[in-house]
Amino acid sequence: MSFAFQERTRAFDLRNALFLAEIAEAVYEPAEKLERLARSDWDFTNFSFIDANDTQCLVANNGRMSVVAFRGTETKLSDWHTDAHVELVPGPLGGKVHAGFYDALGHVWREIEQQLDRFDPQQQTPLWVTGHSLGGALGVLAVSRGSIPAERLRGSILLDSPAPATAPSPATSILPSNRSRFGLSTTMIWSPVRRRNSLATAIREHSNT
C-alpha cells in the first residue's frame, strides 16, 4: 500500500475510496492472483477468498484494518438468476430486502464472520466493506445485518449498486446520503459506464461533486 489508509476515519476520504475501488475491481480476478495482490501490493498479512454457491468475496486484514470485498455480477447464468430473483423478503432488522441478494449473502456470511474473528479475535480493527454492482448490493446488506458491532464498522464504498431493499428496511437508510444509521461513512457511487475500469474515474468524479 503506497499511502497511509485512514482506517479510523468516518468521513469520505478520496484516497481511501480509490483504494477500496481498486479492491472492488480486483476481486473479479482469480483467487490466486487476488491473494498475490492482497499480500504484495496491499500489505494484507491475512487473506481468505470465499466462494460458495456462486457468491464470492475476499476477507483480509493487516493488523490495522479489515476489509470485506464482494464480487459483482459476471456472465454466469447463476449470477443473472440472483439479480432476477426480485421477490422481497423480510430483512434481518425489519423491512423488506431483495430475495436474490439476501440469499447470496447468506451463502457466505457465516464464513465471513469466522474469518473476521480468526484474523482479529479481539475485534479491534476497523472494518471496511466494498463491492461493485451485485457486490455493492451485498455490501449494503452486509453492513445492515447488525451482527457486527457498530463501533467496529467504519465505512463502505459501493459502486454501481442496485438498491437491495425497500423502506423501512435499515439497509435503505444507507442509500440517500454518505451517513448510515450506524454512523459509518457510506458512499454509493453510480457511473453510467458500467465497466470495472471506470471505477476509479467514478470515484474521482464523485469527489468533485
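Taking 30 Å as R0, compute the FRET efficiency from the Cβ-Cβ separation of Ala52 and Gln6 and round it to 0.05. Intermediate results must be reported in sequence, preceding the final value.
On the way: r = 32 Å, r/R0 = 1.06.
Once rounded, the FRET efficiency stands at 0.40.
Calculated FRET efficiency, Ser40 and Asp103, Cβ-Cβ r, R0 30 Å, to nearest 0.05?
Values: r = 34 Å, r/R0 = 1.15.
Efficiency, rounded to the nearest 0.05: 0.30.
Looking at region 9-53, which trypsin sites (Lys or Arg not before Pro) are in a loop (DSSP not H, G, I, E or B) and have at most 12 other Cβ atoms within 10 Å?
none
Laboratory data are not the source of any read-out in this text; all were calculated from the coordinates shown. Remember, it's a predicted structure, so these values are computed and weren't measured experimentally. In this analysis, Cβ positions are derived from the backbone assuming ideal geometry, glycine residues included, and neighbour counts consider all displayed protein chains.
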